[in-house]
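Each remark here refers to the structure printed beneath this line.
The values are calculated or read from the model by the stated rules, or taken from the named source; none is laboratory data. Nothing here was measured: the structure is a model prediction, and the numbers come from that model. Note that each Cβ is placed from the backbone with ideal geometry, even for glycine, and that neighbours are counted across all protein chains shown.
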């Protein structure tokens, strides 16, 4: 039995900030990102990885191949969030 993921951010109202972060991070990774539709970058990432992801039903794809696409995007976002947090901590320590 498959479970649907709750795709809502843990913080109410953070959706736009996360879309902006995704667009910025993936642009830095070299992908062409439409700021109005940053979720569409997954198709470009999939193409670069050789994964035939397309809008609509992708039931024929393996979990592994789809995971490579999501991992590339999510991994980049996590690395950037860690970098931002470290930078913020450095500034706070410098202010002390």
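General remarks:
- Pairs with Cβ under 8 Å, 6+ apart, first in segment 40-51 and surrounded by fewer than 16 Cβ atoms within 10 Å (Cβ to Cβ), second modelled with pLDDT under 95 and part of a helix (DSSP H, G or I): 49/65; 49/68; 49/69; 49/72
- Taken over segment 63-84, the criterion of being farther than 15 Å from residue 25 by Cα and surrounded by 10 or more Cβ atoms within 10 Å (Cβ to Cβ) is satisfied by 65, 66, 67, 68.
- Residue list for segment 35-54, restricted to those being modelled with pLDDT under 90 and either in contact with a helix residue (DSSP H, G or I) (Cβ under 8 Å, 6 or more places away or on another chain) or farther than 16 Å from residue 17 by Cα (or both): 35, 38, 39
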